[in-house]
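Here the structure is laid out as structure tokens; the discussion comes afterwards.
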Amino acid sequence: MTTAGNSVIRQGDWTLWTLSTDVTGSPPILEAECTTCDDSSGATEEAKQPEVWCLRHANQTGHTGFRMIITSFFRASMANVGSSATAARGRTATPDA
């Protein structure tokens, strides 16, 4: 089940957990790599720096292929379930299907 950018995953009889973007720490970390020589821009939180690096690298080397690596952070937390009995069964508080 996915709602508003959060994912809920059920693993066997385990209690349900939600996974959401962690906004309390670092923003996403960005890095560009050349697909020809594997040189990289270095990791940064600044969105424009990897893009500028790609253009400079292309100008200096003639290499034209790049990959953007984005590292985002997530936090797992207990899902909000309807009752403790529901939580013990590992189900959300929804009608039986």
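Here is how the numbers come out for the structure above:
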read-out: Contact order relative to length of region 27-77, as percent, for alpha carbon pairs under 8 angstrom and 6 or more apart; value: 47 percent
read-out: Dipole axis of region 27-77 (+1 Lys, Arg; -1 Asp, Glu on Cβ), positive-most option in Pro27, Ser40, Ala58; value: Pro27
read-out: Accessible surface, per residue, of region 27-77 when the full set of protein chains is kept, probe 1.4 Å, Å²; value: 68 Å²
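The values are calculated or read from the model by the stated rules, or taken from the named source; none is laboratory data. These numbers were taken from a predicted model, which means no experiment stands behind them. Because the Cβ atoms are built from the backbone with ideal geometry, glycine has one as well, and the counts that use them run over all protein chains shown. The protein model used for the area step is the full one, side chains on, heavy atoms only, and it has no ligands, DNA or RNA in it. Shrake-Rupley method; radii C 1.70, N 1.55, O 1.52, S 1.80 Å.
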